[in-house]
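The numbers here are math on the coordinates, done by the rules we state, and not lab data. It should be emphasised that the depicted structure is a prediction, and the values quoted were computed from it without experimental measurement. Glycine gets a Cβ as well: all are built from the backbone with ideal geometry, and neighbour counts include every protein chain shown.
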Protein chains: 2
Amino acid sequence: MNGISIGLLGLGTVGTGVIKIVEGHQEELMHQVGCPVTVGKVLVRSLDKKRDVEIDENKLTENPEEVIDNPNIDVVIEVMGGVKEAKAYIVRSLQNKKHVVTANKDLMALHGAELLKIAQENGCDLYYEASVAGGIPIIRSLSEGLASDRITKMMGIVNGTTNFILTKMSKQGSSYEDVLKEAQELGFAEADPTSDVEGLDAARKMAILATLGFSMNVKLEDVVVRGITTITQEDLHYCDQLGYTMKLIGLAHRSDGRVEVSVQPTLLPTEHPLAAVNDEFNAVYVYGEAVGETMFYGPGAGSLPTATAIVSDLVTVMKNMRLGVTGRNVIAPLYHKELKTDEEIQSKYFLRLHVVDKAGTFSAITSLFAEHGVSFEKLLQLPIKEADLAEIIIITHTTSKKTYEDIYQALNQLDVVQSVESSYRVEGGK
Amino acid sequence: MNGISIGLLGLGTVGTGVIKIVEGHQEELMHQVGCPVTVGKVLVRSLDKKRDVEIDENKLTENPEEVIDNPNIDVVIEVMGGVKEAKAYIVRSLQNKKHVVTANKDLMALHGAELLKIAQENGCDLYYEASVAGGIPIIRSLSEGLASDRITKMMGIVNGTTNFILTKMSKQGSSYEDVLKEAQELGFAEADPTSDVEGLDAARKMAILATLGFSMNVKLEDVVVRGITTITQEDLHYCDQLGYTMKLIGLAHRSDGRVEVSVQPTLLPTEHPLAAVNDEFNAVYVYGEAVGETMFYGPGAGSLPTATAIVSDLVTVMKNMRLGVTGRNVIAPLYHKELKTDEEIQSKYFLRLHVVDKAGTFSAITSLFAEHGVSFEKLLQLPIKEADLAEIIIITHTTSKKTYEDIYQALNQLDVVQSVESSYRVEGGK
């Protein structure tokens, strides 16, 4: 093999980073792979756009076929994003016996199983490290480093935008709206932040992680999702006071062969390793039966971090090519997926209530919990100034989601309860 | 291939864990490797000893040749520890075309390069993930996940015993001696704790990490080592007050093609990700030019965590065997090692002094620093009760090790300085 030629689909932030690393680290790449790596062709939306990276104009094209049907290109790197076109180009590349590296979480969450199958049928590699948690080699760690273990729980802070927002809200005491604006100005949040703040982006990543970590075909629609838009300063204040930190946690939990996968604002004890993951950083906490607690921390996005993950995949593909062992990385799920019912999902919960401040209120509430067999781990009652109301904050002991939801409904019916202000899951155990 | 047979050298804590995982996870292993894995022979010190794991007595032997010369054994797992015998057995195994997985940090730190060369010459794999930071897949992350990046700095909490001791000293306010005793009772420290508390164990791991991360042949004698035995409650108290956490940090730093590797008690800002790594946990912080900050956290020792790393290596070896691509994992260092001089090593420092509490003292000290061109980042002066002395705590701005050592010598000569109580490095940047 005289050299390996790569084709890029897309030349945005991440694509630019890939070119910078491939060109800037030629010596190291050559040392690892044993032959030069060159950028052959790059699909761009418009030839006229100004670029952040120097590149021979003859290598740019607006025609995808010049990449995916190009006989001189060995590996296609998909960094264009989106689902429909990206999928079509990847399928065509694989059918043309080109290996593929992608950073596309939407695509992998929706069509990962199908694409991996096509790759295998064509003897091609398909790697996707960059699709989850940018620069953190979590896919590799799950599929290789922890391969011999049985993973029972993963908790991920896998969306940098929401972690930035929650960190600033907690540390500055600012409102959600103000911090979102700041994040948008700093480029940590999109003009339309919906996909991030509503938890959809995190859900895609959790579907990918759960599929891999549990060796089950977890689909995006299996992930229960709730975003961060309703979190208030009061909630964060009480979290802190009770020794917890609020994070948007992607949770994947397996027990007795059944799984739950969710993304939701969650209280973690402040001493939990994930509680110290701040600003736009990402981290994935993995609990394995044998290894115990591990955590992988790093940048979740950004041009060069994401490009690092892509080029590492590229190095793996190139090594496989030289060894003649491509198309072997795909492992079909070992287990049949069974989702937990609401009776089986176990957790603690945080509740904040506004109640009428009179005799009998407290007793009515505690009786309701007692009837459902749920006891309190922590309890806080405070008067609300300038109103005949009191604020009650409860952290329950572990109960089922079903029971908790019954209690939640019943609380809303109680005369003494003026409003259930907020309600969050509390995690921390294994 | 009908099945793969492994031989163990040693059946202590880690060896027992390996057998438990191999026997307990047959289904997962079979799924990944495509053929059954069996334990063929196990070298033990004495056949009569009671075991923590069920094993057919016919598989045990006191004769190493029944493992390393056994034609039925494909992979040898070395978990006996020590250097001389372990090395001889590994060399013989490799010469017999057996692949080797080892957890032996002493051996890899001293003879890693030589053993990897012998492995390659014999077309055999030699993997050693478990030799550094137990259950954390850091070797794999450095050699694969971050392979395309240029790593400039690694900081590791790679010794669980000392991290346990420093955590308890900080949180409980107990003395070094008391906590060491507690650690020994809990089994977190050896009866003779020298290798841990003097930093030697950590130094071996840092030599391995630096060799791999910088692609240079870093030797154990290149690592400057200082242990934790002289750390006092006062030091930890002032650390905390000034916003720092004391950790035993293995530091490997590269700039301008030159490196320094050290193990020493180091102050980290409390918001640094490593500062939150407590108790017996390990973590390795890696800074790469492209990826930025990443950190890998997990258990640094223990039967099952370490065994997880070994079995993951075993899975890699078995996959390589099935693909016919063994003996390819060895990459000779790319760069020639050049150690930094004391003029080139740059850092901040923490100093605690006892000084005579009279006019002119402060000026004498500040003049000394000014003469050497070193300014202060933080300064604290407090009277010492029941003595005509004051305590001065200084955190310097960045300076060279050479300059700092000159100042340190000169301080000891100053009349107004009664004693230099303690002195530590301060880290935090990239």
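What the table shows:
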item	result
Sequence-separation-based contact order of segment A:327-421, relative, with Cα cut under 8 Å and 6+ spacing, percent	40
Separation of alpha-carbon centers, segment B:103-153 and segment A:53-118, rounded to whole Å	33
Where rotation carries B onto A, the chain B residue whose Cβ is nearest that axis, in whole Å	B:276, 2
Net charge, residue A:148 excluded, C-beta distance under 14 Å - Lys, Arg +1, Asp, Glu -1	-4
Value of relative contact order over segment A:138-298, rounded to a whole percent, pairs C-alpha under 8 Å and six or more apart	34
For residues of A:133-145, the mean tally of beta carbons on other chains within 10 Å	6
Residues whose placed amide H lies under 5 Å from that of residue B:399, excluding near-sequence neighbours	B:347, B:348
Within segment B:1-82, trypsin sites (Lys or Arg not before Pro) in DSSP loop having at most 11 other beta-carbon neighbours inside 10 Å	B:45, B:49, B:50
Label spacing, shortest first and in nm, from residue A:173 to its equivalents in the remaining copies (7 angstrom along Cα→Cβ)	2.9
Three-way shape label, the protein assembly as shown, alpha-carbon gyration tensor, a/c 1.5	rounded
Inter-site label distance for residue A:346 and residue B:382 at 7 Å from Cα along Cβ, in nm	4.6
Phi to ³J(HN,Hα) by Karplus 6.51 cos²θ - 1.76 cosθ + 1.60 over segment A:312-326, Hz, x for Gly, Pro	5, 4, 4, 4, 4, 4, 5, 4, 4, 4, 5, 8, x, 10, 6
Expected 222 nm ellipticity per residue - DSSP helices of 4 or more, -39500 (n - 2.57), all of chain A, to 500	-10500 deg cm²/dmol
Per-residue mean of C-beta atoms belonging to partner chains within 10 Å, peptide B:147-159	4
Relative contact order (percent, whole number), chain B, Cα cutoff 8 Å, 6+ residue spacing	16
Proxy reagent accessibility, fewest Cβ within 10 Å first, across A:253, B:237	B:237, A:253
Residues whose placed amide H lies under 5 Å from that of residue A:5, excluding near-sequence neighbours	A:38, A:74, A:75
Inter-site label distance for residue A:96 and residue B:175 at 7 Å from Cα along Cβ, in nm	7.5
Taking A:201, A:240, A:56 and counting other C-beta atoms within 10 Å, the order from fewest to most	A:56, A:240, A:201
Label spacing, shortest first and in nm, from residue B:373 to its equivalents in the remaining copies (7 angstrom along Cα→Cβ)	7.5
Loop trypsin sites (Lys or Arg not before Pro), segment A:324-397, which have at most 16 other Cβ atoms in a 10 Å radius of their Cβ (DSSP)	A:328, A:358, A:385
Tensor-based shape of segment B:1-127 (alpha-carbon gyration tensor, a/c under 1.5 rounded, otherwise prolate or oblate)	oblate
Sorted by Cβ neighbour density within 10 Å, fewest at the top, the residues A:420, B:42	A:420, B:42
Selection from A:9, A:278, A:229, by position along the positive dipole direction of chain A (Cβ)	A:9
Pairs from B:98/B:337; B:105/B:348; A:117/A:337; A:168/A:247; B:84/B:219; A:59/A:105 whose Cα-Cα separation, in the structure shown, is over 21 Å	B:98/B:337; B:105/B:348; A:59/A:105
Inter-label distance, nm, simple model (7 Å from Cα along the C-beta direction), residue A:323/residue A:182	4.8
Approximate shape of chain A as ellipsoid semi-axes (Cα gyration tensor, √5λ), whole Å, largest first	46, 23, 17
Cβ neighbours within 10 Å from other chains - mean over A:308-320	4
Other-copy label distances relative to residue B:45, 7 angstrom Cα-Cβ extension, nm	6.8
